[in-house]
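Presented below is the structure to which this report refers.
Read-outs: derived from the displayed coordinates by stated rules, not from any lab. Fair warning: this is a prediction, and the values are worked out from it, not measured in the lab. Cβ placement follows ideal geometry from the backbone for every residue including glycine, while neighbour counts extend to all protein chains displayed.
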Amino acid sequence: MKTRYVFLLTAFAAAVAAVAPAVAQPSQPTSQPSGGMLRTMPHGVYQCALPGDAGGKAFEVQESEGFRIRPSSGYTSPDGSGTYILRGKELTFTRGPKKGERLTRVGTNQLKRGELICTRLTGTD
């Protein structure tokens, strides 16, 4: 009798294990974070500018938007320092004066938000 009971429990467990993946629903996170690998930006000074016009300057530097990327996912700006996270192509400032601002990586040394483009200046580590 005991052997029969163990056999039935084993068969039932095997059946549940076989059916469980088909029945399970994928978990949906409450907020959809941007996918992609975690990365860091090259260190240095990033100058941000808006496009100019054909009759004047090619671009208008926005001093207040500029920042310096530091080690350990840190940054400094004219208003203070903080941290950022880069997931795939989306950079989000997570602490400090720029908290909540998002930029999209459009090149190795460039980030963009709307018409504002931030470019790493050469020779600035």
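Figures for the structure shown
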| quantity | calculated |
| --- | --- |
| Spacing of the two label points (7 Å from each Cα toward its C-beta) at THR40 and THR83, in nm | 1.3 |
| Net length gained if the chain between GLU115 and SER72 were fully extended (0.36 nm per residue, minus Cα distance) | 12.7 nm |
| Segment ALA17-THR94, length gained on full extension (0.36 nm per residue, minus Cα span) | 23.6 nm |
| Proximal aspartates and glutamates to LYS98, defined as alpha-carbon separation beneath 19 angstrom and excluding residues fewer than eight positions away on the same chain | GLU63, GLU65, ASP79, GLU90, GLU115 |
| Segment VAL106-THR3, extension gain: residue separation times 0.36 nm, minus the distance between their alpha carbons | 30.5 nm |
| Shape call, segment 39-100: gyration tensor on alpha carbons, a/c limit 1.5 | prolate |
| Label-point separation in nm, GLU63 to THR10, each point 7 Å along Cα→Cβ | 8.0 |
| Candidate lysines for bridging to LYS99, where Cα separation is under 26 Å - those fewer than 8 sequence places away on the same chain excluded | LYS89, LYS112 |
